Amino acid sequence: MTRSSNLIALLFLGVGLAFQAGADDSHKHHASNEAKPAAAASAALTDGEVRKMDKAAGKVTIKHGPMPKFDMPAMTMVYRVKDKAMLEQLKPGDKIKFDADGVGGEFTVLRLEKVK
Ligand SMILES: [Cu+2]
């Protein structure tokens, strides 16, 4: 009799813990959502120099500095741009700072600032 009442007590304890775990999960989820913008904002921009643009294709060739994010040394390479309008302000030789990411398997410039 004592054993079975202990078992019932344990079952209740178990249910209580399950409820608590559920509450904790939603809290964590909320917290990680809040952390996202901070991580994006802290992403460093990479230095680069525009070599040439292909406005029709929405691509730009950039001679860029090291990109630790991609484990990439300094090099010259072609990037797709997120928005073709980003190319309107550029001309070969422009110094820029930019952020890129892999989008659909292609390195894509998400953000670009001219350096004066
Ligand atoms: Cu590169």
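What the table below lists for this structure:
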| read-out | value |
| --- | --- |
| Length gained when the stretch LYS69-LYS55 is fully extended (0.36 nm per residue, less Cα-Cα span) | 2.4 nm |
| For TYR79, distant residues with modelled amide H under 5 Å away | VAL60, THR61, ILE62 |
| Dipole of the range 46-114, positive end: most advanced residue of MET53, MET67, MET77 [Cβ charges, Cα centre] | MET53 |
| Packing-based exposure ordering (other Cβ within 10 Å, fewest first) of THR76, THR108, THR46 | THR76, THR108, THR46 |
| Footprinting exposure proxy for LYS97, LYS116, LYS63 (fewest neighbouring C-beta atoms within 10 Å first) | LYS116, LYS63, LYS97 |
| Residues PHE70, PHE107 arranged by fewest to most Cβ contacts within 10 Å | PHE70, PHE107 |
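Every number in this text was worked out from the coordinates using simple rules, so none of it is lab data. Treat the numbers as computed from the prediction; the structure is a model and nothing was measured. Every residue, glycine among them, receives a Cβ derived from its backbone with ideal geometry; neighbour counts consider all protein chains shown.
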